[in-house]
Amino acid sequence: MTDQLHPMMPHHLPFYVVKPGETDVLMIVMGVFLILAILGVGNVYLRLHSLPERMAHKGQKLQFEIVAVLGLLSLFTHIHIFRIAGLLLALVDLPDFTTPLSSIAGSVERIADNESPPTESPADETAEVQATRAVERASLAVSRSASAPAKEGHGHV
């Protein structure tokens, strides 16, 4: 083999043209760059895809589940309106109806328990305790009647 150049070949070659038998460094660098670029773009795409789910995670469980299902539908069907709907649903704070309703239910249960008919007092209760309770009931009745507004005498016959 001779190291003579072909007569038609230019005397100055660019750096990316390698001699036969040598390692093409530029191809190896570009291959590594291509792999890193594909992994980077894929990571950005998956983060962008899961953005509505991460936003809805702070909200209610039902809202999170609906947004997650919309995200999966958009991923598998490539219909982007599902992703937009999930993003909008994640941005909107849904009102919480269950907490006030459960609070109301608990309060009604407590009121019902307090207004239950009085139970019979046990036979071993002392006379002093019975007298004290009678005085408390009388003072409560007096305070209720004093705070109640007076009824007007206009009645229908």
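With respect to Ala112, is the statement that it is assigned to a helix (DSSP H, G or I), at pLDDT below 90, surrounded by fewer than 10 Cβ atoms within 10 Å (Cβ to Cβ) and not hydroxyl-bearing (Ser, Thr, Tyr) true?
Taking the combined requirement at face value, the residue satisfies it.
Of the residues that sit in the stretch 43-84 and are surrounded by fewer than 18 Cβ atoms within 10 Å (Cβ to Cβ) and of a type in the set (Gly, Ala, Ser), which one is nearest to Thr99 (Cα to Cα)?
Only one residue fits best here, namely Gly59.
Taking the stretch 1-58 on its own, how many of its residues are more than 30 Å from Gly86 (Cβ to Cβ) and charged (D, E, K, R)?
The qualifying residues number 4.
The values are calculated or read from the model by the stated rules, or taken from the named source; none is laboratory data. Please read all numbers here as calculations on a predicted model, not as lab measurements. Backbone-built Cβ (ideal geometry, glycine too); neighbour counts: all protein chains shown.
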